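Below is one structure, written out as structure tokens, with a few remarks after it.
The values are calculated or read from the model by the stated rules, or taken from the named source; none is laboratory data. A quick note: this is a predicted structure, and the numbers were derived from the prediction, not measured. When we count neighbours, we look across all protein chains shown, and the Cβ atoms used for this are built from the backbone with ideal geometry, even at glycine. Accessible surface areas use protein heavy atoms only, side chains included; no ligands, DNA or RNA. Shrake-Rupley method; radii C 1.70, N 1.55, O 1.52, S 1.80 Å.
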There are 4 protein chains.
Amino acid sequence: MKNTYGNHIAITLFGESHGPSVGVVMDGLTPGLPVDDAVIADFLSRRRPQGVISTTRQEPDAFVIESGVFNGKTTGTPLCIRIPNTDVRSEDYTDIERLARPGHADLAAHCKYNGFEDYRGGGHFSGRITAALVAAAGIVMPALEKKGIRIGTHIRRLGGVEDRAFLEVSADIDVLHTNFPVLDASAEERMKAQILAAKDDGDSVGGVLETAVVGMPAGVGEPWFDTLEGLLSHALFSIPAIKGVEFGDGFALADMRGSEANDAWYMQEKPVTETNHNGGINGGITNGMPIVFRCAVKPTPTIAKEQHTVSLIDGEDCVLAARGRHDPCIVHRAAVVVDAVTALVLCDVLAGRFGTDWLGEV
Amino acid sequence: MKNTYGNHIAITLFGESHGPSVGVVMDGLTPGLPVDDAVIADFLSRRRPQGVISTTRQEPDAFVIESGVFNGKTTGTPLCIRIPNTDVRSEDYTDIERLARPGHADLAAHCKYNGFEDYRGGGHFSGRITAALVAAAGIVMPALEKKGIRIGTHIRRLGGVEDRAFLEVSADIDVLHTNFPVLDASAEERMKAQILAAKDDGDSVGGVLETAVVGMPAGVGEPWFDTLEGLLSHALFSIPAIKGVEFGDGFALADMRGSEANDAWYMQEKPVTETNHNGGINGGITNGMPIVFRCAVKPTPTIAKEQHTVSLIDGEDCVLAARGRHDPCIVHRAAVVVDAVTALVLCDVLAGRFGTDWLGEV
Amino acid sequence: MKNTYGNHIAITLFGESHGPSVGVVMDGLTPGLPVDDAVIADFLSRRRPQGVISTTRQEPDAFVIESGVFNGKTTGTPLCIRIPNTDVRSEDYTDIERLARPGHADLAAHCKYNGFEDYRGGGHFSGRITAALVAAAGIVMPALEKKGIRIGTHIRRLGGVEDRAFLEVSADIDVLHTNFPVLDASAEERMKAQILAAKDDGDSVGGVLETAVVGMPAGVGEPWFDTLEGLLSHALFSIPAIKGVEFGDGFALADMRGSEANDAWYMQEKPVTETNHNGGINGGITNGMPIVFRCAVKPTPTIAKEQHTVSLIDGEDCVLAARGRHDPCIVHRAAVVVDAVTALVLCDVLAGRFGTDWLGEV
Amino acid sequence: MKNTYGNHIAITLFGESHGPSVGVVMDGLTPGLPVDDAVIADFLSRRRPQGVISTTRQEPDAFVIESGVFNGKTTGTPLCIRIPNTDVRSEDYTDIERLARPGHADLAAHCKYNGFEDYRGGGHFSGRITAALVAAAGIVMPALEKKGIRIGTHIRRLGGVEDRAFLEVSADIDVLHTNFPVLDASAEERMKAQILAAKDDGDSVGGVLETAVVGMPAGVGEPWFDTLEGLLSHALFSIPAIKGVEFGDGFALADMRGSEANDAWYMQEKPVTETNHNGGINGGITNGMPIVFRCAVKPTPTIAKEQHTVSLIDGEDCVLAARGRHDPCIVHRAAVVVDAVTALVLCDVLAGRFGTDWLGEV
């Protein structure tokens, strides 16, 4: 069991919500990838809290590249990005020393770490850690795009409000790199209304994120056990609040017949499928069609409403009403994190398939 | 990218559907675990085809333990189980050399292996390989059970017919170790009717498998990236036809509010939750409640109906109508495979947490 | 801790000296490599016992390729080679149940495996397992050679008798693929005399193996921690009896000054060094010059002479005089094993550097 | 190929000699280990340059623990230590852009990283990186010592001057945690004289480090391929200038007979050996005796004397005379680095054997 992801380009995250910094070390990067601070900053801005629908904790997300970049390009040696924590109010979390917040990792972490965990703000379980993930994606995403591999995630559903599905995948991806990514522009207002309604109730909402990838070469993945589905889901389930991952039509396939679920092949210069019920992956391996998957995001567990729970100190039954700053919804903020995780997983498998230098070759 | 699963107890599968044998090597096993051939045989019998609802390929699944067992106990050195293939009719598959079967890995594998793959019967992608997985579980499952860790999988849905959900999880598991595991006995007949109806139409059906684990200690898993959800899903997506994995209420959580989705804690000797919407896992780490997850199983891609596809030889558009022996449904046969994968993943993480010898300690 | 080597092409060994078979699973192989049974058989014959200077155990080393080969070529899926054990006389080893053989792994294994190890003939620690390693090399060595990468090992010293060092490395390698590889043909007789002298005394001798590799591209290896020296030594120390590994001038460098030890660069189409004190590796990474290293092989621990030891059963002090069949020297038999391990390590790092298909590209 | 070491407690190093900082991330640490800044500082001081026998680059080695420590104890989440670089004079290294320093990694790195490497001061290949390794050892060494596992390294030979071998290993270790560790106090002056003599000649000297470990439990290591010898050597070869590793009597065993090399067992409460020619390891697994090994350290490649080399820019033959600050000998400074690497490797294997919490249990 490890806190590192990847066999070829490996990602290790460190940091606690209320510690000095959060950060990431990326090992195995192709040398010579251009590193643009503005791209990293743009990625970070997409996960930053946004006004009334988000927490009031404001982190500038200034980052320092400690290693692995020279003359504006990756060197190929481990690249460390560090993001100092600044707007920390640890006093808000003194109760948490005592109370297991329902839906959070507090009790599980207490058992795992024998009580030595840094519980302030969720510690190493905090969504804050995803800032480092997103910064890491800022290193590799431009290189993926140069190879024609593009990734986009939209809010497929939020608080019961539906966005439309992907239609023209490549064109759809173009419009998604925003703070609140939807394909049907009219969905944004209705979704935000759901967030505010939940906030007013001292409650929170969840949703479904849908991701598409175009341009992946066919033939990437392993049958047992490093299927592309397995590798992606392995990494995606680390994103806080994700409780389900499905590929192609996913759970809907369970109610289809084979004649509906199969994607018929035909020639269009190369073999393509008429439909994409399998989400671009057969037998765990890319088939050249767009990769499509969805992640279920549960509602933010931190809510203002009173909840029953127990004390981690003395095992007494208690009542908790969250103070501190929190998000009534993190679905929209998680979209760029899903993009980032997807980019990092794909870079890893592509480096395994085509070697160290491939990502930098034009 | 690897065809091995596990950091502590590692599982490597080998074999092709129409090759000499399929098999598994298990590395890192606790020494001294009793090995009972009858248990392995029983596991294998649960995934074997069953009469009219299954393929007519009949494999006795005789197995040979090549290494790692001495005097009826595991030695702790790599344990190899080999299962010879016998009822092979490769002549049925000559067309496959030419045609990419829709819904199968043929085209993806052709791209990955540059045309050198053994395509007969799906080769290394065949469900036949799961026989080795199931045999491997026959080694570790009795040891898990001695530690009080029990695993059960039932057919939650098949061809649109629902089984009831888990209620008393521990008692429910007791009834599931059969060839057609359901909790509501009346569901079996209706599900089988769906299978036969599909078969009559030259078609196939899918379903949903639901799995529960009781007895897992709290505090197992890592936050980034080896969450228990990530580790389980990584391995589960290798099982052919699985296209979605969700934990606890999974995708249904997306439409809940935080106050519904959170599981309140209270004391009952130790902290327990009133509900289990999170499926026994918070922040990627076990919380001591039963682990519950569901896998979406797509309908068997091999169907008798005609389908459009392309030739892998000359890139011509073609029509395929499957010959050969195939299953109109593999949902019920996959249940024991899910049990097996779950057992192997749990053994791996438990060995990582508690060391090499823990599984054998009484 | 694992019984698998390699991140890209991974090798797992299984089997016990007196079990049904020994074998290997190779994962990550390039698809399309020609597999020639005669090459594998030739490799196996080079490690087979030879007349009076070896054990009288005679294994035909018939092997079965269980998976991963189709139409005479690797498929790219896990390739399993199984070598059945036949000439097993377990009765010779009944004493071993009681006595820890000095210089052998018996006591260490007893502690590690809690007494459950298969102790017959050394079990999984037996040199017999290297047959599977050598067979595995028979798969990849021809592919390496097609890429211009050639490996040779000679007996640099045996029982105090010296062979000459490598001079014209590439030409020297040509003469080494024999049963008793030396560069100075006159050394063979004198070395064999030492073996027979030791045998007559009920004793054994050791030696030093020296290996050279030509044709490795420059720029392969990692600085921390997967240096090429680290990767090679990691694997080489598994070969029974190897107790030291040194690169270039190795321990002799400790007594040089920098001005002697440094290898000056000059241009000869590409940069080359005047000397090769560093054995083709700088900073853990290949520099394009021949890789040269030496392995210290201790004398075979099994000897006929009486030795003091203890019983593993009752902890009593005892006297052991080995029965059974054993080698008075394994240095010459280990040469092809060092070749094999070297080939497998290089394939792994080359696959990591250049991708899955590189080894098969002409 | 990775820049991470360890399966259970994993160490990733980052940083370049002339970048913002060097650092380490440790993943998998036991929660609750006390962290004492003074211990870390003491470790760092042992590798710091010392007066006339060392470089004049003076780094205060102030360190920041960025994560993984809370209330003075490890949390069990990834622990990042960052050591800012301060005394950087990059202008000394402008020539290096052009010239491959003989004995250094410059040319190999140039090939590996396609010219994108940070060449200043050796970049990621610099001995400076070992500061992070040594700091990491400051976290785990006190915990190892509490478990009775103690590690000591002395300068066995330097510039031809010999120190005595280990005699009473445990007592000998007590005197070694100094800046210039020798067992025979009289050796220090003579060794230092050799260093100064080389310095006066614009040259450098090498030597041999000898390490002993007491208190390791028997039964740790794997036969194929994670032998303790393999794991230790894998990590040790990353230390710059190490070109050979031998265990027990190492290369001297090659010239012994079996009756000399075998270590006879006898009972002394538990089984112990009369001699320790095998260095506490049989078959790759600890046997309960002290672990003893030696590392060959080549002379520092940077020397003031003129050397022939080539330009990395235009491939011209050139002459190099090193400017900049450098050590005429790094053998003494490397001793604590060998201690550190040994400690980290042992923690990793012990965590694998006994689980996550073992190191913290008293």
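A few remarks follow.
- Taking amide H positions as modeled 1.01 Å from N, with prolines and chain starts lacking one, the residues under 5 Å from residue C:2 and 5 or more places away or on another chain are D:225, D:226.
- With all projection directions averaged, the alpha carbon convex hull of the protein assembly as shown covers 47.2 nm².
- Inter-chain Cβ neighbour count for C:290-302, averaged per residue, equals 5 (cutoff 10 Å, partner chain atoms only).
- Alpha-carbon centroids, the stretch B:196-267 and the stretch A:196-211: separation in whole Å: 22 Å
- Solvent-accessible surface (1.4 angstrom probe) belonging to residue A:196, in square angstrom, nearest 10: 60 Å²
- Per residue, the stretch A:1-77 exposes 27 Å² of solvent-accessible protein surface, assessed with a 1.4 angstrom probe and all protein chains in place.
- Closest approach of a chain A beta carbon to the axis mapping chain A onto chain C (residue, whole Å): A:355, 2.
- Debye, to nearest 20: dipole size of the protein assembly as shown, +1 on Lys, Arg Cβ, -1 on Asp, Glu Cβ: 0 debye
- Over 27 Å (Cα to Cα) - which of C:192/C:298; A:112/B:298; A:112/A:243; A:146/C:2; A:298/B:243; B:2/B:146 fall in this group: A:112/B:298; A:146/C:2; B:2/B:146
- Across the identical copies, how the residue B:39 labels are spaced - nm, sorted shortest first, 7 Å along Cα→Cβ: 4.1, 4.3, 5.3
- The mean accessible area for residues of the stretch B:128-283, using a 1.4 Å probe and ignoring ligands and nucleic acids, is 29 Å² per residue.
- Compactness index (Cα Rg / 2.2 N^0.38 Å), the stretch B:21-82: 1.31
- Alpha carbon centroid spacing (whole Å) that separates the stretch C:312-341 from the stretch D:7-78: 43 Å
- Note, ³J(HN,Hα) from phi for the stretch A:113-122, Karplus 6.51, -1.76, 1.60, rounded to Hz, x at Gly and Pro: 9, 6, x, 8, 5, 7, 7, 5, x, x
- Neighbour net charge for residue C:353 - beta-carbon separation under 12 angstrom, K R +1, D E -1: -3
- Computed accessible area, residue C:270, all protein chains, 1.4 angstrom probe, square angstrom: 110 Å²
- Calculated diffusion of the stretch B:1-124, Stokes-Einstein form, Kirkwood radius summed over Cα pairs, 10 °C and 1.306 mPa s, µm²/s: 96 µm²/s
- Relative contact order of chain C, defined on C-alpha pairs under 8 angstrom at six or more residues apart (%): 23 percent
- Cβ-vector label at 7 Å, residue B:164, separations to other copies in nm: 4.4, 8.1, 8.7
- Residues listed by number, the stretch C:32-69, amide nitrogen under 14 Å from residue C:196 label point at 7 Å toward C-beta: C:51-54
- 3J(HN,Hα) along the stretch B:192-207: 4, 4, 5, 4, 5, 4, 5, 4, 4, 7, x, 10, 8, 10, x, x Hz, from the Karplus curve 6.51 cos²θ - 1.76 cosθ + 1.60 with θ = phi - 60°, whole Hz, x for Gly and Pro.
- Inter-chain Cβ neighbour average for residues C:144-152, partner chain, 10 Å: 0
- Inter-copy label distances at residue D:189 (7 Å, Cα→Cβ; nm, one decimal): 5.6, 9.2, 10.2
- Across the stretch B:221-322, counting alpha-carbon atoms alone, Rg and Dmax equal 20.5, 68 Å.
- A cut-off of 5 Å between modelled amide H atoms, ignoring neighbours fewer than 5 places along the same chain, links residue A:21 with A:16, A:85.
- Distances between placed amide hydrogens fall under 5 Å for residue A:326 paired with A:56, all partners being 5 or more residues away or on another chain.
- Helical content alone sets the calculated 222 nm signal of chain B at -8000 deg cm²/dmol, taking -39,500 (n - 2.57) per DSSP H segment of four or more residues and averaging over every residue.
- Peptide B:4-11 - average C-beta neighbours from other chains (10 Å radius): 5
- Column: log10 I(q)/I(0), Debye, Cα scatterers of chain D, q = 0.11, 0.14 Å⁻¹: -0.77, -1.22
- Phi-based couplings in Hz for the stretch D:127-133 (Karplus 6.51, -1.76, 1.60; Gly and Pro marked x): x, 3, 4, 5, 4, 5, 4
- Accessible carbon and sulfur surface of the protein assembly as shown relative to its total accessible area, %, 1.4 Å: 51 percent
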